[in-house]
Structure formats: C-alpha cells, structure tokens
Amino acid sequence: MNEIKIWKAEGVQDKDLKLKKTKLTISYNQKDKQIKYIKDGEILKQEFLSHEYIDRKKILNLEQIKNLTWKSEIGLKIENLDFMIAYWKGYPLQIGGFQNEKGEKTGKWIELSDYFWDRCKVINQGQYKNGTKFGKWEILQEQKVIGGGHFDDNGIKQGEWIELHTNYYNESQIKHSGKYKDGIEIGIWETKFKNKIIGGGQYDNNGLKIGQWIELHQNFFEYCQVSYKGEYANGKKAGRWNSYDKKKLIGGGDYNMNNQKNGMWIDLHDDFWQFCQVTYQGEYLNGIKKGEWKSNYYTKSIAGGLYDDFGQKQGKWKDLHDNFHNGCQVILVGEYLNNKKFGQWNAMYMEQSDDEFRNIGGGVYDENETKIGFWNVLYEYFCDTCQIFYSGEYKNGKKNGKFDVKYKKQYENELKIIGGGTYNDNGLKDGKWIETSNVFSFYIFILLENEYQNGVRIQSQAKKQ
C-alpha cells in the first residue's frame, strides 16, 4: 500500500487586492498524518493532522496556509488546559483559546473565519464545550459585530442567523440572513449587499429551496454584480433561469425536471466581471455538453471546439487562459482526445494594441495529458503589464533541472532572462533561485534571491538592482 497520496487541489490567493483562483499539489503521508501544501515546486507548509478525514474538494485559502500558525503559549496552562494563540505573518493575533488534554477546544474562543486574509479580517467569537460550539456566537470585523447567531448544546444552529457570503471581503460585503431549525435553513432568507436586499428566496421546512430565487455569482463584488434568477421545485432548479449583469440580461437557459441543463445555453465565465465579459454558448442534453461550443469575448467568438455525445472534448480546440481578461487575451490552441490534451499545444497572445494573435509559448503533452520535454509556460497571472515566462524541461509531468524566468516589457519585442533556478527529480526547488516578487509588474520591478532545500524556502531577500 502506498502510504503517500498526492493530488491536485484548488485554492485562492491574494492578487491585485482580491482572492484569485490558483492550483496547488497536496502530498499526504497516511502513516504519520503529515500533509504538505506544494505550489510550483515550493512546500508552502507542512503539518501533522489530528484527524483522518481530508476534504479534497475544499477550496484552500493559501493566505492562511502561508501566513497562519498556531502555538501553545507557555505559562498560560490552567488545569491541564493549553492556551493556543494564532500568529499571522509571525505576529500574534488576539485570537485563540484553551484546549483540553484531548486537544478539544473548551471555554471562550476567538477564531479566524475560513476566508480570513489581509482584506477580510473577520473573526468568530463564542463558547466551546469539549470541542462543540454552543450558545451565542458572533461574527466580527474591525471589532464590530456583523453577523452570527446561536448554537444549541449539540453544536447545531438554531433561530435567527446572519451569515457571510463565501466571497466576503472589504469590497464584497455580502450577507445572508434567515432562520435555522435544527441546523436546517427554513423560511425566507435574504441576501444583502451594502445593506440593500439584492437576492434570496424561501426554504421549506425540510431545508429545500422552493419558488423563485435570486442567487449571486460566486465572485460578486462592485465590478461583478451578476445574479441568477429562476424557480426551484423541491430543492432543484427547474424551468428557465436567466443571468443578469445588474439589470441587463446576459445569459441563461432551461433546466429539466431533474435539475439538468437542457437545450441551448449561454453560460458565464467563472471569473466574469467588468474586464472579463466572457460567455460560453452551446447545447446541453440532460446536463451534458454536446456538439459545438463557442467562447465569446463581448459579442465576438474567439475560441471553442466540439464535445462528443458523452460530453468529452474531441479534436481541435481553442481554450481560454485561466487569467483571460482585457489585459490577458491569451488562447491555448491544440487537440483533445477523449477529453485529454495531447500533442503540441501553443499559447497565442494578443496585446490590447494589436489586432491578431501570435505564438508566445507552449509545449507537448503525451497521451495521458502529461507535460513532457521542453516547455515555455506562462505565469498564471500573465497579463500585458506582467509578461513572465518559465522555460525548461518536464519529466513525467514534473519540472526537472534548470528553469529560466523570462520577462518581456509591454510593447517591446526582447525577451530577457531575469532569473531562474533548479528543480530536483521530485519536482521541488533546490538551491539558489532568482524569482519575481508577488507584486512584480511593469511598474514594480522587484526580484527576490531565494534559497531552497528540497522545496523548503530557507532564505529570502530582495535582489539588489
């Protein structure tokens, strides 16, 4: 039995003053319960878990993975209770509480919200008894109560509650308010943005959505005021559902009685907003995409391809780069075989001042959609003002050996090597590296001199220019 399990995970991290999607690798040793969070060859954090269960579908907050640590405070031990304190970027927070000898939380606790980061300093405050929440719990931001409710003695939500939207932060202060009965949402629930009701609907006594609902786009904020409007029947979407940007109709389609999309649909890009007005247009059959699908940028078709009758991509396709928006007009061009990329794939890019796409990167996939050989990879947040590339060899899908970091200034043709380093046979960074900082761009040219030991960063300093 293989004791180490490795899988890909979804996460979010701070970029341009908001949390943006990213990808990382999780390595879990089942024998000693050690978990490692790995991104681009760097082990961001490694820790031992006190439990067996890991939710592989959970969206991970990389800001907490990188910046949050917990310590047992020496000298604050009371009657076999250890006082735990949270540290953010090495500085203590007024967060924490007591744990008993079993590692269970007890007494008053102040906790970080799941999406706590520098622009969402939200905490939860209340009481524990032997690891179970009970009584009144408050949600606070900047010492102001913004939500909360009551748990019964079994840790189950009861009565009136104010919850925060999963994308809540300074520029997206969205709240949901309504009633719980035995942990189940019942009755009318309202969704508010800036204290104005913009959505919501009704639950029946079994916690199933019924009647007309208005739901928000997952990334709703000032510049993405997108909502979805339609009907629920016994907890399932049914009939016509429309997508709106404020009050403008921009997409939608029909659901059958099994909560499956059917017929012609216009879907929205996951990160649809003011500067990424991308929609996908095509046909569903019982929830499965089929035939030709088009990717539309504003009103122009710029990408797409064919799905077979099983909803798998086949043949030549043009996909959009994950960071596609006005300043990152990048299309990935290649072929699919049974929903897997294979053969040569190229990254095609058009600057905002140009009128045609040109090849700027890419490489080859084998029949298992594994990168092999030499690749020129674009930075995950590549854009006009941050044209960064990583060039080197892949071995069995892992970066291996020397990789160069390259940069091209906007409107210039020269591609310069500005950094780089070496990956070991496990795909982890080793030795000295010169890398771009998190805020690197055309306007902020900051490089870092980092040193790694088998993926762990042991030294970092700004490179003298």
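The values are calculated or read from the model by the stated rules, or taken from the named source; none is laboratory data. Quantities reported herein were computed from a predicted structural model and do not represent experimental measurements. FYI the Cβ positions are ideal-geometry reconstructions off the backbone, even for glycines, and counts take in every protein chain you see.
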(Q) I'd like to know if segment 254-271 contains one or more residues that are surrounded by fewer than 17 Cβ atoms within 10 Å (Cβ to Cβ), under 19 Å from Phe324 (Cα atoms), of a type outside the set (Lys, Arg) and in contact (Cβ under 8 Å) with a residue 12 or more places away in the chain. (A) yes
Q: Just give me the residues in segment 163-189 being surrounded by 15 or more Cβ atoms within 10 Å (Cβ to Cβ) and more than 17 Å from Gln225 (Cβ to Cβ), in sequence order.
A: Glu163, Leu164, Ser177, Gly178, Lys179, Tyr180, Lys181, Ile184, Glu185, Ile186, Trp189
**Q.** Selected residue (criterion: nearest to Thr25 (Cα to Cα)) from residues of segment 385-403 that are of a type in the set (D, E, K, R) and surrounded by 17 or more Cβ atoms within 10 Å (Cβ to Cβ)
**A.** Lys398
Q: Would you mention how many residues in segment 361-386 are within 22 Å of the chain's Cα centre (by Cα) and either of a type outside the set (A, V, I, L, M) or not in a strand (DSSP E or B) (or both)?
A: 6
Q: Go through Lys409, Lys429 for me and flag whichever is of a type in the set (D, E, K, R) and without any contact (Cβ under 8 Å) to a residue 60 or more places away in the chain.
A: Lys409
Q) From the list Ile146, Ile43, Ile110, which one is under 23 Å from Glu171 (Cβ atoms) and at pLDDT 90 or above? A) Ile146
Q. If we scan segment 178-196, do we find a residue that is over 30 Å from Lys129 (Cβ atoms) and of a type in the set (A, V, I, L, M, F, W, C)?
A. yes
**Q.** Sole exception among (1) within 25 Å of Ser27 (Cβ to Cβ); (2) in a loop (DSSP other than H, G, I, E, B); (3) touching a residue at least 40 places away in the same chain (Cβ under 8 Å) for Phe440, by number
**A.** (1)
Q | Ile95 being under 17 Å from Ile174 (Cα atoms) and either of a type in the set (Ser, Thr, Tyr) or not in a loop (DSSP other than H, G, I, E, B) (or both) | A | no
Q. Can you find even one residue in segment 389-398 that is assigned to a strand (DSSP E or B), closer than 26 Å to Lys18 by Cβ and either hydrophobic (A, V, I, L, M, F, W, C) or touching a His at 6+ places or on another chain (Cβ under 9 Å) (or both)?
A. yes
**Q.** Residue count for segment 210-224, restricted to those that are closer than 18 Å to Asp267 by Cβ and under 19 Å from the mean Cα position of the chain (by Cα)
**A.** 6
